[in-house]
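The values are calculated or read from the model by the stated rules, or taken from the named source; none is laboratory data. Every value quoted in this text rests on a predicted model; they were computed, and no experiment measured them. Here Cβ is always computed from backbone atoms with ideal geometry, including for glycine, and neighbour counts include all displayed protein chains. We work out accessible area using only protein heavy atoms, side chains counted, and drop any ligands, DNA or RNA first. Shrake-Rupley method; radii C 1.70, N 1.55, O 1.52, S 1.80 Å.
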Amino acid sequence: MTALLEVKNLKKRFGGNEAVKDVNFEVNAGECVVLAGDNGAGKSTVIKMISGVYTPTAGTVHLNGELLTGKSPEAVRNAGIETIYQDLALADNLDPGLNLYLGREISRRVMGLPFLDRKKMREDAARVMKSLGITVPDPAAPVREMSGGQRQAIALARAIHWQAGLVIMDEPTAALGVPEQREVMALIERMKQQGVGIILISHNLPDIFAAADRIVVLARGVVAGVRRPDETNDEEVVRMMMGATL
Amino acid sequence: MTALLEVKNLKKRFGGNEAVKDVNFEVNAGECVVLAGDNGAGKSTVIKMISGVYTPTAGTVHLNGELLTGKSPEAVRNAGIETIYQDLALADNLDPGLNLYLGREISRRVMGLPFLDRKKMREDAARVMKSLGITVPDPAAPVREMSGGQRQAIALARAIHWQAGLVIMDEPTAALGVPEQREVMALIERMKQQGVGIILISHNLPDIFAAADRIVVLARGVVAGVRRPDETNDEEVVRMMMGATL
Amino acid sequence: QEDITITLVPGLTTDAFYITMNRGAQAAADALGINVDFQGAEEFDPVLQTPVLDAVIARGPDAILIAPTDSTQMIEPLRRASEAGIPVITVDTFIDDGMYQDGAGDGDFPLSYVASDNVGGGRMAARFMAEEIGGEGKVYVSNVRPGISTTDQREEGFLAEMEENYPDIEVLETQYNENDASLAASQFQAVLARNPDIAGVFGANLFSALGAGNGVENADMIDQVTVIAFDAPQSIVDNISSGLVDAAIAQHPAEIGYFGVMAAYAALTGQSVPTSIGTGFTVIDADNVGDEDIAKFIYSE
Amino acid sequence: MSMSTTKRNGGASFLRSLLNAWSWLFLILILAFFEIYAQTQTGSTFLFRVYNLQSISVAASQILLLALGLTLVIVAGHIDLSIAFSTGFAAVAMALVVRAAGDDPGLAMVLLALIVGLLAAGIVGVVNGWLVAHLDVPSFIGTLGTYGIARGAALIVAGGATVSIRSDTVRSFGNGEIWLFPIPVVIAAVLAIGCHYLLAHTRFGAHTYALGANRASVERAGVDVKRHLMLLFIISALTAGIGGLIYTGRFSAGAANAGEPILLYAVAAVFIGGASLTGGQGTISGTVIGAFIIAVIQFGLVFSGLPPYWQFVAVGLVIIVAVLVDQSKHRVTGDRS
Amino acid sequence: MSMSTTKRNGGASFLRSLLNAWSWLFLILILAFFEIYAQTQTGSTFLFRVYNLQSISVAASQILLLALGLTLVIVAGHIDLSIAFSTGFAAVAMALVVRAAGDDPGLAMVLLALIVGLLAAGIVGVVNGWLVAHLDVPSFIGTLGTYGIARGAALIVAGGATVSIRSDTVRSFGNGEIWLFPIPVVIAAVLAIGCHYLLAHTRFGAHTYALGANRASVERAGVDVKRHLMLLFIISALTAGIGGLIYTGRFSAGAANAGEPILLYAVAAVFIGGASLTGGQGTISGTVIGAFIIAVIQFGLVFSGLPPYWQFVAVGLVIIVAVLVDQSKHRVTGDRS
Ligand SMILES: Nc1ncnc2c1ncn2[C@@H]1O[C@H](COP(=O)(O)OP(=O)(O)OP(=O)(O)O)[C@@H](O)[C@H]1O
Ligand SMILES: Nc1ncnc2c1ncn2[C@@H]1O[C@H](COP(=O)(O)OP(=O)(O)OP(=O)(O)O)[C@@H](O)[C@H]1O
Ligand SMILES: O[C@@H]1[C@@H](O)[C@H](O)OC[C@H]1O
Ligand SMILES: [Mg+2]
Ligand SMILES: [Mg+2]
């Protein structure tokens, strides 16, 4: 059986700086792999190479055995990978509904012509966000006017709303309140049960241990170690992050 | 003795939405007040009214007994309040040095003319960030090219670098790695000992309890309760956030 | 003498008037077996003409024919040509007072001025207009923008003639259209809305006249309003045939180009040259527009 | 007028939608001003004359035809300077075909001429789109380059001057009326509705707004941004090209410079209509109002007999005041701090 | 040419600083092209003639004087269209004072005239700054408004025409040379150095860059942004005004339209120099190269005898290629993806 996602020898150089040097790991269906690592370790760079935002300097990514490297974000998304980016990648001037559906907007036909169904999209956004424990005062306001956590919830909603085979989450709870964080952890559990593969990036040790089936620790662009949560502990993981060789 | 900072009846309305309804609290020198609350509770709005970014719809802010309300961010900063904003407020096209010193750049004189001392500012930035446990590969690169945690460290560095009487931190560790988070908690402790007043916004319960002298819980724009950490616990705080009346 | 090269610098390159002038110049060049280059700027403006002139001087032609875009402002730039030993002849427009080689003025160095007189053309337009409207009524000038010497002069001549000889004609404010026929049309319509008894418009160049004509057409006032155009490119002539425009004051740009080259050649070969060569005007109207001998006054397109 | 977001999001509060009307209000204010002026000074009416309204609308249409596609481009955070000469290129190309067909050609030839004119403009659009989308040339520079190229091309094919034609079909295309509505106005209105539909009600429009706010958001959402940019610049060139066709119809002549003097007014209309240099905002209805504000003051100032140099001053003032009125709206809703 | 960030940050890697030179390289390439052309076609030199270099530099200076202050404004994320007529306003104001002083006025009067000319431009700058900084009018619209106002004002004070003067002092101010350097070039060079210093080496410059990237960052850092914007627009008006003074000197006449035809070139120079519509990037050295690229191709194309309409095409092409060369640099350093 091939893995759902296979990342091989990924490398990314920015000018003179090799942000990611050699990263390999796999994600299976129904499995949550946590990418852990200190700030600047290269986590976000790795997931951007998977999702098609960056072209790797070297290395390959396969989804269900098919080569993904070099494809556009559009193609990657269509192949069934949803990504929550650390910078959220929201269109600040649009409402949550349009952000939720960005690229996959729904229309209704009026006299044969398609018209964006803003109302429906807005309602759906409110519903998905509610399931995360978040309500926004004015669902028609542009997301620019929303609080940090509300914005993060929209980015989350966007990724979980679609039936993706693999969901990548780059620090998805960083701006969320306590109950919402718990909601997201429960959600990850549910998605795993539905067979969805998950890559989670997090700096929160309890969350990491709670969600992970495998912890891949990055340090300065290389994999410093891979552990199952039950075979390691906080201190070892932190030591690996700091680049202690094993 | 008057409090260092006194916030009275603050209110802020955005269009039809009253984001902050009636908020009162004080901060004394050497004290850390945590503003806790669910997403959208109004925390960031409150601190933006203190720092001069928003003009309150009603209410007053006094620093050392002097009225601060209505003053510009410039005046507030000069009065001795440094703020780390949730959105970081970095100039993405400048290097960490210039971001650290933004508004207070240092120059050296060459033939009587002042020239920005980029090297010195860059070194200082690297030094302050190092004290938080963060190094950047190229300190001359614009902050646009930095990782989420590196960016947050720059915003942090900016606030702590100056001898402020009050430091406001809006989710300062949201993007930081584990060791860096610990660094910041230690830093808050040190600042308190130096008599600096601190307003901390955080969604991390352990951090809240570790840092707070007082916890002010906001729910939907009003203060749902004020507790000392030793007279409350996680569950009560979360219940207050959710708006349970007491 | 095959290697004699003369450069013709028009006021602007995108105008039928100067394109026709160039044709006349080429005809003379062919007749003489010499070369004439055509190099100019995109707008009638000294700031744009000066760098072109500088580059022309760098090429070192044997003589320069130029339509200076301002009588004062082009003196200094042209002096550089003269100082570089290149004889200068001005065509269509002049520098200083237009009287050359008489020892007076800063801009006395050009050898000759070959042109029809724009002030005179303006006066001619005024006389024709007055006749058409019966010596009384309201008229106005539709012009490009202030600061273009040729069109300013046409307006000046038109106003002076009206003022001196036609006391019963009221000349309204000039309207500037930025060379936009659409704006010129809308301006006519606004003037008409204000003055329902408007009797005539003098369009000081192609687009001014085209626009005014269109305004008149849309107001269904072709019979009531007289439109006089300055310059006679094909589009104006077509409008005369269709009655939208009543008359055009045609300069003789081909003649100007022809005599300009001839004068330069004469000077280069040691002949004496008159300091001023006047070319005439022809009024084209519905009566003569079909005549064969009028065709040669229509500007080439 | 820059309440585009509210507009876009439709379900705005009543207060907001009322305030949205301020730009209309300002237009009405100018109209009222001129009406009162006309009534008191000349004893006639300004507003209630078909003729005046027709004249103003035709002038506004000519501005609009450049401004419509431009609005889309500006909302997406780009600019298109080349429309100044896409207009001229189309006008000249159309006129050349008509002329080649001989005196008074039939409807078929005129249709062919219209198509050739559109194609000429379309080429400019394709080049712009290709430069901006595929070669990452900043749109200001890329379209400034094609501005020069289209201008040169139009002048070269036209032999430098205007190409005059004789065709009653063409002339009535530019000067005819459908009931009381001049054909240029009808065409501009249809295109305005089309562009409004596109921008306000389709996925394409939503992507255009998102593109202006945050290109990464659209790219990462899986939209083919290059294709989208190509289309935007083609639409912009085509609406400007239609402006050129109408120009040839109105004046029975194709001029390479036809669009140039209108470029600045077109850009102004878009900005008066609430767009911003940085993209992400602006609406077609705002642009329509912007174009009418410009056309009304140009007409009205001549009508009121203000001396020409003072007209320059007055146009400048009105443009500023139009936006100030809009700004004060923001103050009322407290959008800014 | 848009490696502004690298430039700004100084300590760039060697590779980067080498690549930074590409815009210079492109300029040198054009020069080499014309030199080879001149040598082979006319047997003369293009580059090694003082006259040619002087002419090109004077043309570049006139563009630069509008472009220098504009660069600062554009880096800050704004635009200033009114410079087109600040130039004319200053030129006319200066000429009127000289004329009022009678034939061939003394140095004192000429100095007074220069000061009055600068003041005239300064007023436009103050109004722009006030509109943008204090009334939050978008700069495109605000300065388009003052464009109209300054234009009308210049025409009104000039009485419509150009104000011609006779003064050897003024004439030598515009046409004299200091050693081999024409005075306009010397003045533009001094101002360019001044603006470069301001933008690259002072706090003011750092704030200007930050403002273009993120206004909130500067405001929250405690910078008086309104004051900063005021200063930017005043500087922009003043450098354009100095352009007007030089104009009056060169042409012995003040023309209200003096700056208008070069506005587009000035904006183009800034963008060729690496600035962007959205602000936050651009450098004075880039703008200087941009102005020279424009001046060299305009001069070179006439010099090489290319027919005028083909020149439009060629200028358009060169502008695009200039930026493409710059883009390929980004590709090499991998700045994008
Ligand atoms: N566009 C870019 N250009 C240049 N360098 C970059 C760029 N993006 C990231 N880097 C550098 O690459 C390194 C890895 O960055 P990355 O964002 O992958 O870190 P990360 O592990 O996600 O960190 P964090 O936990 O702080 O988000 C950092 O040193 C960063 O400065
Ligand atoms: N500029 C604005 N315009 C309109 N509404 C706003 C604006 N800023 C914030 N709000 C609204 O005010 C409310 C409070 O926002 P605020 O940012 O203060 O929340 P917060 O407590 O900081 O939340 P978080 O923990 O998610 O950061 C939210 O409902 C938000 O949508
Ligand atoms: O005759 C020319 C005119 O047609 C053009 O519009 O301006 C310059 C004139 O010399
Ligand atoms: Mg990251
Ligand atoms: Mg917040």
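A few remarks follow.
- Amide H to amide H distances under 5 Å link B:MET169 with B:ILE84, B:ILE199, B:LEU200, B:ILE201, where only residues 5 or more positions off or on other chains count and H is placed in the peptide plane.
- Proximity of backbone amide H atoms, modeled 1.01 Å from N, is registered between C:SER112 and C:THR90 at under 5 Å, excluding neighbours fewer than 5 places apart on the same chain.
- Residues in segment E:81-110 that a label on C:ASP97 would reach, taking backbone N under 18 Å of a point 7 Å out along Cα→Cβ: E:103-104
- Copies compared at A:ASP87 - label distances in nm, ascending, label defined 7 Å from Cα in the Cβ direction: 1.4
- Other protein chain Cβ atoms within 10 Å, averaged over every residue that makes up E:97-107: 0
- Contact order relative to length of segment C:141-260, as percent, for alpha carbon pairs under 8 angstrom and 6 or more apart: 23 percent
- Put simply, when C:117-125, C:27-35, C:200-208 are sorted by average Cβ atoms within 10 angstrom per residue, most first, you get C:200-208, C:117-125, C:27-35.
- Packing around the peptides E:197-207, E:91-101, taken as the average count of other Cβ atoms within 10 Å per residue, puts them in this order, highest first: E:91-101, E:197-207.
- Placing unit charges on the Cβ atoms only, positive for Lys and Arg and negative for Asp and Glu, gives the protein assembly as shown a dipole magnitude near 5900 debye about its Cα centre.
- In the protein assembly as shown, helical runs assigned H by DSSP with n ≥ 4 each contribute -39500 (n - 2.57); averaged across all residues and rounded to the nearest 500, the mean residue ellipticity at 222 nm is -17000 deg cm²/dmol.
- Of all accessible heavy-atom area on chain B, the percent that carbon and sulfur account for (1.4 Å): 50 percent
- Derived scalar couplings between HN and Hα for segment E:232-248 equal 4, 6, 5, 4, 4, 5, 5, 5, 4, x, 4, x, x, 4, 5, 4, 4 Hz in order, rounded to whole Hz, by the Karplus curve 6.51 cos²θ - 1.76 cosθ + 1.60 (θ = phi - 60°), x for Gly and Pro.
- Antiparallel DSSP beta bridges within chain A, as percent of all bridges there, nearest 5: 55 percent
- C:ALA295 versus D:LEU180: modelled label distance in nm, points set 7 Å from Cα along the beta carbon direction: 4.8 nm
- Residues within the reach of a label modelled at A:LEU113 (point 7 angstrom out along Cα to beta-carbon, backbone nitrogen below 11 Å), restricted to segment D:173-210, are D:190-202.
- Per-peptide average of other Cβ atoms within 10 Å, ordering E:309-316, D:138-145 highest first: D:138-145, E:309-316
- Mean projected area of the convex hull spanned by the Cα atoms of segment A:89-246, taken over all viewing directions: 11.1 nm².
- For segment D:176-181, backbone phi angles converted through the Karplus equation (6.51, -1.76, 1.60; θ = phi - 60°) give residue-by-residue couplings of x, 10, 10, 6, 8, 9 Hz, Gly and Pro being listed as x.
- Protein heavy-atom accessible surface, 1.4 Å probe, per residue over chain C: 31 Å².
- 10 Å Cβ neighbours from other chains, averaged over peptide A:143-155: 4
- Counting only DSSP beta bridges whose two residues both lie in the protein assembly as shown, roughly 45 percent are antiparallel.
- Sorted from closest to farthest, the other copies place their E:ILE115 label points 7.1 nm away, with each point set 7 Å from Cα along Cα→Cβ.
- Segment E:292-298 - phi-based ³J(HN,Hα) in whole Hz, Karplus 6.51/-1.76/1.60, Gly and Pro as x: 6, 4, 5, 5, 5, 5, 5
- Computed from the Cβ-Cβ distance with R0 of 30 Å, the FRET efficiency linking D:LEU111 to C:GLU178 stands at 0.40.
- Of all chain A C-beta atoms, the nearest to the rotation axis linking A with B is recorded, alongside its rounded Å distance, as A:ALA174, 2.
- Global form of segment A:92-163, assessed from the alpha-carbon gyration tensor, a/c cut-off 1.5: prolate
- Evaluated with a Cβ-only charge set (Lys, Arg +1; Asp, Glu -1), chain B carries a dipole of roughly 680 debye about its Cα centre, given to the nearest 20.
- Inter-copy separations for E:SER172, label at 7 Å along Cα-Cβ, nm, ascending: 7.2
- Accessible surface, segment A:92-163, averaged per residue in Å² (probe 1.4 Å): 41 Å²
- Charge dipole (debye, nearest 20) of chain D; +1 at Cβ of Lys and Arg, -1 at Cβ of Asp and Glu: 580 debye
- Contact order, relative form, for segment D:92-218: 24 percent (alpha carbon pairs under 8 Å, 6 or more residues apart, mean separation divided by residue count).
- Computed over chain C, the Cα gyration tensor eigenvalues convert (square root of 5λ each) into semi-axes of 36, 19, 17 Å, ordered from largest to smallest.
- Average partner coverage of E:74-86, which counts Cβ from other chains inside 10 Å: 1
- Charge dipole (segment A:92-163, unit charges on Cβ, about Cα centre) - positive-most of A:LEU94, A:LEU116, A:GLN150: A:LEU116
- Based on C-alpha pairs under 8 angstrom that are at least 6 apart in sequence, segment B:92-163 has a relative contact order of 41 percent.
- 34 Å tail of the calculated P(r), chain E, as % of Cα pairs: 26 percent
- Applying 1/(1 + (r/R0)^6) with R0 = 60 Å to the Cβ-Cβ distance of A:ASN17 and C:GLU131 gives a FRET efficiency near 0.10.
- Heavy atoms of E:VAL110 accessible to a 1.4 Å probe, total area in Å² rounded to 10: 10 Å²
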